[in-house]
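All remarks here apply to the structure that follows.
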Amino acid sequence: MAQLKITRVAQSKYDSVNWDDLKFGYYFSDHMFVSDYADGKWNEGEIMPYGPMQVEPTLCTLHYGQTVFEGLKAFRAKNGGANIFRPIMNARRLVRSSEMVCIPPYNPEKMVQDICELVKVENKWIPSQYGQSLYIRPLIYGTGNFLGVHPSKTYRNIVMCSPVGAYYKEGINPVKIKVEDVYSRAVKGGLGAAKTAANYAASLYAGTQAQANGYAQVLWLDAISREVIDEVGAMNIMFLMKDELITPSLEHGTILAGVTRDSVLHIAKDWGVKVSERNISIDEIHDAYKSGRLKEVFGTGTAAVISPVGMLTYKGEDLIINDGKIGEFSQKLYDTITGIQYGEIEDKYGWNVHVEF
Ligand code: COI
């Protein structure tokens with residue numbers, strides 16, 4: 001690999017950060033990686049100061065949303081350096097998302113190399129408190145200026161970084177989730193499995209209404225029958241019913257193939273837990289709740305890690321899960337995943353990409 005060109009900032013923003021209260025996606029580090037696509041290929045790219053970019057009002061992405069993104073994290077490792085958690089999975093998912101909105105693929109191995117180089121340059125931005133990390137956000141968008149509805153011929157790939165704390169203000173404490181029975185996020189044959197702006201735009205209205213009523217987010221049901229559970233939007237959803245861990249399957253193409261989702265399924269299988277990826281109806285959850293079989297509910301996501309659900313509200317009825325407390329299983333999963341990420345417990349799956357600086 002050719003050495004990337006690196007242009008450093010004249011003045012770092014590091015000292016303006018409140019490291020004790022990072023929030024999520026609020027601060028941005030000094031540098032970003034940028035690569036452009038033209039004449040049928042991506043260029044090598046370079047690392048440069050993070051900052052505003054000029055765009056024309058006719059930028060096709062602003063009108064038609066031809067854009068995809070990813071979210072992954074780097075952790076300050078216990079014995080020095082940093083661990084980037086499963087970056088190849090994100091880079092490969094970005095290719096699948098790109099395909100769904102006609103964006104040319106960015107080589108996943110090259111993306112992992114770019115990310116490693118950027119993390120090295122931004123190493124001081126990896127926070128050191130437990131629960132904090134450097135969130136890495138690759139973004140690809142069409143850079144053409146036109147008004148006809150067709151794919152762009154040119155694109156930009158930017159990788160930016162944000163030192164973050166917990167995604168929800170609740171941290172690992174249980175969140176309240178409203179089961180959404182009016183609005184829809186995704187439909188079979190649509191873009192639900194792609195990490196593209198349209199899915200998040202589609203979630204804003206229902207999410208805002210739920211938040212105004214004290215919920216952290218909504219749980220989406222399938223758009224046709226409104227019976228089968230999809231995902232939360234910012235995270236996948238899992239149910240511990242007696243001794244079985246159940247999560248919606250990926251087969252309908254309406255939910256995102258989460259990296260944390262995959263990690264949890266691996267770990268749970270390793271622990272000897274029965275794991276099922278299948279259709280789950282909201283009625284099944286309701287019945288399991290009534291009969292006492294529903295033990296724990298939690299969301300999984302890069303930003304949210306493991307987010308226990310303390311209450312699910314469906315058609316006005318509140319289902320209080322595990323007395324509204326963090327479940328033993330959710331806590332153990334959180335401890336295991338974060339333990340691997342921070343290099344505190346053995347990474348027996350080989351998930352971390354370690355960088356030294
Ligand atoms: C993530 O977990 O990385 C997400 O993409 C969730 C959200 C911040 C968009």
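The values are calculated or read from the model by the stated rules, or taken from the named source; none is laboratory data. Keep in mind it's a predicted model, so treat the numbers as computed, not measured. With ideal geometry, Cβ positions are generated from the backbone for all residues, glycine too; neighbour counts draw on all protein chains shown. The area values use the complete protein model at the heavy-atom level, side chains included, leaving out ligands, DNA and RNA. Shrake-Rupley method; radii C 1.70, N 1.55, O 1.52, S 1.80 Å.
In table form, for the structure just shown:
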{"quantity": "In the stretch 283-308, residue nearest to the ligand (Cβ to nearest atom) [restricted to those that are open to solvent by less than 10 Å² (accessible area, probe 1.4 Å) and over 18 Å from TYR215 (Cα atoms)]", "calculated": "ILE285"}
{"quantity": "Hits in the stretch 4-29 (condition: within 16 Å of the ligand (Cβ to nearest atom), open to solvent by 40 Å² or more (accessible area, probe 1.4 Å) and more than 30 Å from ASN43 (Cα to Cα))", "calculated": "LYS23, PHE24"}
{"quantity": "Condition broken by ASP230, with the remaining ones in (1) away from the ligand (no atom under 16 Å from the Cβ); (2) crowded, with 21+ Cβ neighbours inside 10 Å satisfied", "calculated": "(1)"}
{"quantity": "Enumeration of residues in the stretch 14-48 that are in a strand (DSSP E or B) and small (Gly, Ala, Ser)", "calculated": "SER35, ALA38"}
{"quantity": "Complete set of residues in the stretch 29-39 that are touching a residue at least 12 places away in the same chain (Cβ under 8 Å) and not polar (S, T, N, Q)", "calculated": "ASP30, HIS31, MET32, PHE33, VAL34, ASP36, TYR37, ALA38"}
{"quantity": "Flag if ASN236 is among the polar types (S, T, N, Q) and buried (at least 22 other Cβ atoms within 10 Å of the Cβ)", "calculated": "yes"}
{"quantity": "Wholly within the stretch 155-225, strands (runs of 3 or more DSSP E) carrying at least 3 residues that are farther than 19 Å from ILE282 by Cβ, touching a residue at least 40 places away in the same chain (Cβ under 8 Å) and not aromatic (Phe, Trp, Tyr)", "calculated": "155-164"}
{"quantity": "Residue that is farthest from the ligand (Cβ to nearest atom), among those in the stretch 127-167 that are hydroxyl-bearing (Ser, Thr, Tyr) and surrounded by fewer than 19 Cβ atoms within 10 Å (Cβ to Cβ)", "calculated": "THR154"}
{"quantity": "Hits in the stretch 7-35 (condition: of a type in the set (Gly, Ala, Ser) and at negative phi)", "calculated": "ALA10, SER12, SER16, SER29, SER35"}
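Per-residue answers, yes or no, for (1) within 16 Å of the ligand (Cβ to nearest atom); (2) in contact (Cβ under 8 Å) with a residue 12 or more places away in the chain; (3) in a helix (DSSP H, G or I):
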{"site": "VAL68", "(1), (2), (3)": "yes, yes, no"}
{"site": "PHE75", "(1), (2), (3)": "yes, yes, no"}
{"site": "LYS78", "(1), (2), (3)": "no, yes, no"}
{"site": "ALA91", "(1), (2), (3)": "yes, yes, yes"}
{"site": "VAL95", "(1), (2), (3)": "no, yes, yes"}
{"site": "ILE103", "(1), (2), (3)": "no, yes, no"}
{"site": "VAL112", "(1), (2), (3)": "no, yes, yes"}
